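J.: Below you'll find the structure I mean.
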Amino acid sequence: MSLLALLVLPFLGSFLSVFLLNTSSRRLPAGLAGVVTLASLLLTAINYPAVSGGGVVYYKLQWLPQLGLDFTLRMDGFAWIFAMLVTAIGLLVVLYARYYMSEEDPVPRFFSFFLAFMGAMLGIVISGNVILLSVFWELTSIFSFLLISYWHNSAAARDGARMALTVTGIGGFCLLIGLILLGNIVGSYDLDKILASGDIIRAHPLYLPALIFILLGALTKSAQFPFHFWLPNAMAAPTPVSAFLHSATMVKAGVFLLARFWPALSGTWEWFWIVGAAGIITLLLGAYFAMFQRDLKGLLAYSTISHLGLITTLLSLGSPLATVAAIFHMLNHATFKASLFMAAGIIDHETGTRDMRRLSGLFRFMPFTATLAIVASAAMAGVPLLNGFLSKEMFFAEAVETHADSILDRILPYVATLAAAFSVAYSLRFIHTVFFGPPPHDLPVAKPHEPPRWMRFPIELLVVLCLVVGIIPALSIGPFLHTAVVSVLREDTPEYSLAIWHGVNLPLIMSAIALAGGVAIYVLLKDYFARCDDGPPIFRKLKGQRIFERILVEVSWRWARIAEQRLGTRRLQQQLRWVVVMGFAAGLLPLYLRGFQSRPFTNSGIDPVFATLWAIGICLAIGTAYLAKYHRLAALIMLGGVGLIVCTTFIWLSAPDLAITQLLVEIVTTVLILLGLRWLPKRSEGFGETMTLRSRFRRFRDFALAVVCGVSMSLMAYAVMTMPVPDAIANYFLENAYSLGGGRNVVNVILVDFRGFDTLGEIAVLGVVALTVYALLRRFRPADDSMGMPEQQQIQNRFDEERPERSAGDTVRDYMLVPSVIMQWLFPVVITFAVYIFMRGHDLPGGGFSAGLTLSIAFLLQYLAGGTRWAEDRIRILPLRWMGAGLLTAFLTGAGAWLFGYPFLTTHSRYIELPLIGKMPAATALLFDLGVFSLVVGSTVLILVALAHQSIRINRLRAIETAKSEEA
């Protein structure tokens, strides 16, 4: 249960922060975030005894057990130490942000995003199911986008956030594909089973595709070559975000994933070459680019890229000792990089700039901050007696070992030494340029000074950790590192030493060469650094952002324009043609690949009344197709007639649930389409002789397509209905609807119980469709030749304007006097009928969907009777809240089963006696149905509101245009 609390707590804190949006103080939101983060840290810490001996803590909730998908949380030693990093550094960043953020900023929004981001990262760390891991992986991309674009008024923030989301989002999609392939190879999505099946995975034909897709996800998230360019552009985020993102979250997620799947995926040439090449190139390029940055955070960002390349290179070697060094460097990098970013934020906060060309001599103004930054920079450079030196020396030790007889393995010692020298050079540049030399001039702030005491405290604590780990590593970090290593390597855990001194050996000589070489590089290039404005030599024109933008332009402009010219059109008919063709192909392909068997046709007799109904329906359908272009209202009436024939067919075939739903859908959709007809362009005229050859060909093509699709769908429907299918499925539902679902209406029990998960997805899609329609209609502008306001309504509006006191109190509209009265009287009647349909749905035809459509009809009537303004003044319905409440109710109903140890959406059923009413079903599925009801009402009313507001908007625009023309 502690794992569930650990995961839920940050998201709960994020939700609570929303209620503080109206406050301008930093204290309350920061206090809430601090309490949540501290509680998360304590929840993580208490699990150490359970994982220290190689144990694993689990929390499991059944989600879809038949598909092997469970909500599984899993914490071993590696997950524990990462969760400690996330929560501990998160707590320090919250304290730091309390003083860094301005009260003019929307601070509650910042902490809301921050806590959600932390929760998403914790979800990655403790996920025990790879599909669940993929969900949290995408959440980190989304919340990092929100944090990077926090100062959304800045173009740099918007561009950086868009770039980060694009790159990591595409990588996340690739990761999902790879994890699905991995699950299919193993036969399970459970992380334990996947990690224990390394031999099976590596020998499988799908190993290489799965590896490539997973590595695309990991390398994009950790900004490894060639995806490294997005990370420096993310520096537009507030410094607390940068400190958290670079040290313990987001970019660390990629290397965490590589280490997590190391037992299952490593040890092959493919792993070594792909991961090794990306890591080595990133290690060297990141360090090289860092030396020539003029922005403090830019320098630190490229250094992060380089250090992540170091970790990636270690993990590529396939050596247990290299994996130990990689995990150790993850921890060390988190401590010194978080402290350096916070120090850079203090410098920016107290001087007003991060431009290293304008900064110098700050040691005399900020001696404590300068000392802390110098020690952290020394740790980043790998100076002895600091934690960075230990893990970098372990890297050198592995670099000189032979892991594979290849060019990558042979050049690794030289690349490692050169990259280490570069790291010394940019660390020395950071120290010398910013803190020493003449006093700063031309600063936005008159006189820099030390920050508040508690703003500096997180840096002090992290720097102390750098010193303690560097001096007594075995006592300070040794037990925790061993716990993490054992959980990853298990029986392959090697012997390793965290001693400071191993004698004069080759790794020590490489360290000395790197230190001396780094000092020499800085001394030789110091003057060049001072005047360098346009990037590093050689690669000056190779800018990842420019390449990314050119690719976006190429894809979104040139390719999109070509696709639009070839496939796109403003004509709805052609768009529908593609929809029909693709739907036909999607239905035909499975039958073509697998084939189908149907029973021979037997004529059991045709009822003449039923045949007459269908003959009428066919005639109406033909009439609809013929008149659709030339008389839309008549076509809509005929289309409604077709729907009524279908409804009658359902009644004839003893399917009352389908008949009720069909009837209600016909009413709602017909009215909504009718409201939208006036905004369409005027119909085209011309028959027969006036048609061109091209028009004739188009009409013949559409007719042929309709015939082919119609006949094929009929054949497919016949094949499905006559296919020899075991009776077990139908009998199962019929026999268990009452005993297991607590209802006699088998159709409704299937929807809200047996196939409730499908229904949950369907109502989510319905909500997305409603939001999409609303968004499109908000930007929709009717054609110039669309219908204006009806003459009767124009007369009524002029009448209301002349007598405003009357129009404000009227309950009916004069131009629809009798229908308005009837519609208003029907409102309570329809509501009562909707409640009746809803309550009886578990035993008799009805249910939440039908009741939602019925209540929507009540609102439709009021909009038709009184108009948009009148209805919204009196009926205060908020469709978005209805939709959100409905989806949340449906989900929480399913999640409630977890509290009693049952799978998601398991139903408990019983009957209760109510006075005057009698026995009534009270299954928990009723609450799920209530969620369906609420979302259907909200979605329908949202579309109605979007259509109704077109009248207000177009009238306002036309009034403005008329006024302008009169003035002219």
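Read-outs: derived from the displayed coordinates by stated rules, not from any lab. None of the values given here were measured: they were computed from a predicted structure. Note that each Cβ is placed from the backbone with ideal geometry, even for glycine, and that neighbours are counted across all protein chains shown.
J.: Would you please give the FRET efficiency between Lys526 and Tyr414, computed as 1/(1 + (r/R0)^6) with r the Cβ-Cβ distance and R0 = 22 Å, to the nearest 0.05? Please report the intermediate quantities before stating the final value.
T.: On the way: r = 25 Å, r/R0 = 1.12.
Working from the Cβ atoms, E equals 0.35.
J.: Roughly how far apart, in whole Å, are the Cα centres of the stretch 85-103 and the stretch 366-397?
T.: 22
J.: Can you give the helix-only mean residue ellipticity at 222 nm for the chain, where every DSSP H stretch with n ≥ 4 adds -39500 (n - 2.57) and the sum goes over all residues, rounded to the nearest 500 deg cm²/dmol? Can you show the working numbers first?
T.: Details: 41 runs with 685 residues, N = 968.
My calculation for the chain gives -23500 deg cm²/dmol from helical runs alone.
J.: Along Cα→Cβ, 7 Å out, is where each label goes; now give me the distance between the ones at Arg696 and Val468 in nm to one decimal.
T.: About 9.0 nm separates the two model spin labels.
J.: Through the Karplus equation 6.51 cos²θ - 1.76 cosθ + 1.60, θ set to phi - 60°, convert the phi angles of the stretch 655-672 into ³J(HN,Hα) values in whole Hz; use x for Gly and Pro.
T.: 10, x, 4, 5, 5, 4, 4, 4, 5, 5, 4, 4, 5, 5, 5, 5, 5, 5
J.: For the chain, just run the numbers: alpha carbon Rg, then divide by 2.2 N^0.38 Å, N being how many residues it has.
T.: Details: Rg = 33.7 Å, N = 968, 2.2 N^0.38 = 30.0 Å.
For the chain, the normalised Cα radius of gyration comes out at 1.12.
J.: Right, here's the next one. Taking amide H positions as placed in the peptide plane 1.01 Å from N, state which residues far from Arg840 in sequence (5 or more) or on other chains have amide H under 5 Å from it.
T.: Long-range HN contacts for Arg840: Gly847.
J.: Now a separate question. Mind scanning Lys221/Lys392; Lys60/Lys193; Lys221/Lys526; Lys337/Lys392 and naming the pairs with a C-alpha gap bigger than 25 Å?
T.: Numbers: Lys221/Lys392 23 Å; Lys60/Lys193 15 Å; Lys221/Lys526 33 Å; Lys337/Lys392 15 Å.
Among Lys221/Lys392; Lys60/Lys193; Lys221/Lys526; Lys337/Lys392, the Cα-Cα distance tops 25 Å for Lys221/Lys526.
J.: More than 17 Å apart: what percent of Cα pairs in the stretch 149-294 qualify?
T.: Values: 6730 of 10585 pairs.
Percent of Cα pairs beyond 17 Å in the stretch 149-294: 64.
J.: While we're on this one: Could you derive backbone 3J(HN,Hα) for the stretch 239-250 from the dihedral phi with the Karplus parameters 6.51, -1.76 and 1.60 (θ = phi - 60°), listing whole Hz in sequence and x where the residue is Gly or Pro?
T.: Per-residue couplings from phi come out as 4, x, 5, 4, 4, 6, 5, 7, 9, 10, 9, 6 Hz.
J.: I want the local charge near Pro205. Using Cβ-Cβ distances under 15 Å, sum +1 for each Lys or Arg and -1 for each Asp or Glu among the other residues.
T.: Values: positive: Arg202; negative: Asp199, Glu270.
So the surrounding residues net to -1.
J.: So, one more: At a threshold of 8 angstrom on Cα-Cα distance, excluding pairs fewer than six apart, so keeping six or more, what relative contact order does the chain reach in percent?
T.: Details: 1385 pairs, mean separation 85.7, N = 968.
Worked out over the chain, it gives 9 percent.
J.: As I understand it, the value is the acute angle between the Cα axis of helix 107-126 and the longest principal axis of the Cα atoms of the chain; what does it come to in degrees, rounded to 10?
T.: For helix 107-126, the angle is close to 80 degrees.
J.: Check Thr72: other-chain or 5+ apart residues with amide H under 5 Å from its amide H, H built from backbone geometry?
T.: Leu61, Gly128, Asn129
J.: What's the longest piece of the chain with no exposed GluC sites (Glu not before Pro), counting a site as exposed if DSSP puts it in a loop and it has at most 11 other beta carbons within 10 Å?
T.: On the way: sites that count: Glu103, Glu104, Glu495, Glu685.
With GluC sites (Glu not before Pro) excluded where exposed in loops, the chain gives 105-494 as its longest stretch.
J.: Sum up the charges of everything whose Cβ sits under 15 Å from the Cβ of Ser222, counting Lys and Arg as +1 and Asp and Glu as -1, but leave Ser222 out.
T.: Details: positive: Lys221, Lys252, Arg260, Lys337; negative: none.
Charge balance near Ser222 sits at +4.
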